[in-house]
Each structure stands twice: as structure tokens, then as C-alpha cells.
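Worksheet: the structure to be examined is printed underneath.
The values are calculated or read from the model by the stated rules, or taken from the named source; none is laboratory data. Keep in mind that this is a model prediction, so the values were computed, not measured. Counting neighbours? That spans all protein chains shown, and the Cβs are built from the backbone with ideal geometry, glycine included. These area figures cover heavy atoms from the full protein model, side chains too; ligands, DNA and RNA do not enter into them. Shrake-Rupley method; radii C 1.70, N 1.55, O 1.52, S 1.80 Å.
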Amino acid sequence: SPVSLRSVLEGEIDDVRANHDRALVTVDGVIPRATVLADDMLESVFRNLLTNAIKHNDKPIAEVTVSATAADDEVVVRIADNGPGVPDDRKDEIFTEGEAGLETGGTGLGLYLVETLVERYRGDISVEDNEPTGAVFVVRLPTAE
């Protein structure tokens with residue numbers, strides 16, 4: 001059903017800011033007033049991506065930048081961090097069920113859940129390199145209009 005991207009994403013950003021002292025979360029630009037086809041689990045997508053950007057960060061202060069753009073038929077949300085990044089040979093497999101980083105103690109379900117939900121919403125998720133360091137998770141979701 002139609003879900004306000006802005007309200008979900010801003011809510012998760014506010015929650016992460018309130019619960020993570022060693023993180024600086026900023027929004028680049030304005031989150032568009034787009035409506036996407038999703039459900040109440042959309043917040044889990046952004047919560048997982050935002051908390052991973054902090055949890056897997058090796059810097060004293062995790063810097064996370066969120067940006068979003070809307071086109072005619074899709075919204076693109078980018079969550080960038082200043083952490084160690086994701087090696088090229090792991091960019092596809094990090095979305096596999098049970099794939100957890102050895103150093104993190106995670107379950108390996110977070111990114112698998114994210115990809116499963118995004119695909120359910122007929123969207124797409126990928127990971128790119130951030131400059132000079134870090135990762136950028138790119139979520140593409142179709143708009144409801």
C-alpha cells in the first residue's frame with residue numbers, strides 16, 4: 001500500500017540519532033515527499049541500513065549521510081558511511097542469508113531481510129564504494145503514483 005517515504009526515513013534517522021552516541025547522521029538535501037509501495041516493514045529496511053553503517057564502522061565517529069531523490073516512477077535513497085567499505089568480492093554475497101562478518105557478531109540476517117523486503121516492494125538494493133572510504137547502500141523503490 002502507499003507509504004510516505006519521508007515520514008518513515010525521517011523517523012528512522014531520528015531514532016538512530018537518539019540511540020547512537022558515536023554517530024553523526026546527516027541528511028544531504030531534502031527527503032522528497034514521495035509515496036512508495038511498501039508496508040510497515042519499510043522502517044526495518046532503513047533501520048538495518050542505518051545501524052549497520054554505524055555498527056560496522058571502524059572510525060571513532062561514524063559519519064552517515066542520507067540522501068534521496070525522486071523521479072517519475074522511482075525513489076532512490078542513498079545511505080553513505082565513512083567506514084571500511086565492502087570489498088568488491090563481497091558486494092553480492094553480503095545480502096545472502098546467514099552471511100555475517102566474522103568481526104561483528106551479527107546474525108547475517110539484517111541485509112538478507114533488507115534485500116528480501118526491497119524485492120517484495122519491487123525495488124532494488126546495491127552497494128557501492130564511497131569516496132574516500134566507506135560504503136554507499138543504494139535503495140531504489142517504485143513510487144505509488
Listed residues 121, 112 arranged by accessible area, highest first, probe 1.4 Å: 112, 121
Linear extension gain, residue 126 paired with residue 58, 0.36 nm per residue minus alpha-carbon span: 22.3 nm
Spacing of the two label points (7 Å from each Cα toward its C-beta) at residue 17 and residue 88, in nm: 3.7 nm
Total charge dipole magnitude, the stretch 1-103, about the Cα centre, Cβ charges on Lys, Arg, Asp, Glu only, Debye to nearest 20: 400 debye
Per residue accessible area of the chain, 1.4 Å probe, in Å²: 53 Å²
The stretch 3-145, relative contact order [Cα under 8 Å, separation at least 6], %: 25 percent
Most positive-pole-ward Cα, 54, 4, 38, against dipole of the stretch 1-57 from beta carbon charges: 54
Kirkwood hydrodynamic radius (C-alpha pairs) into Stokes-Einstein, the chain, 20 °C and 1.002 mPa s, D in µm²/s: 141 µm²/s
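Between the DSSP loop rule and a limit of at most 13 other Cβ atoms within 10 Å, which trypsin sites (Lys or Arg not before Pro) in the stretch 1-32 are left?
Loop-located and lightly packed - 22.
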Surrounding net charge for residue 51, when Lys and Arg each add one and Asp and Glu each subtract one, Cβ distance under 14 Å: -2
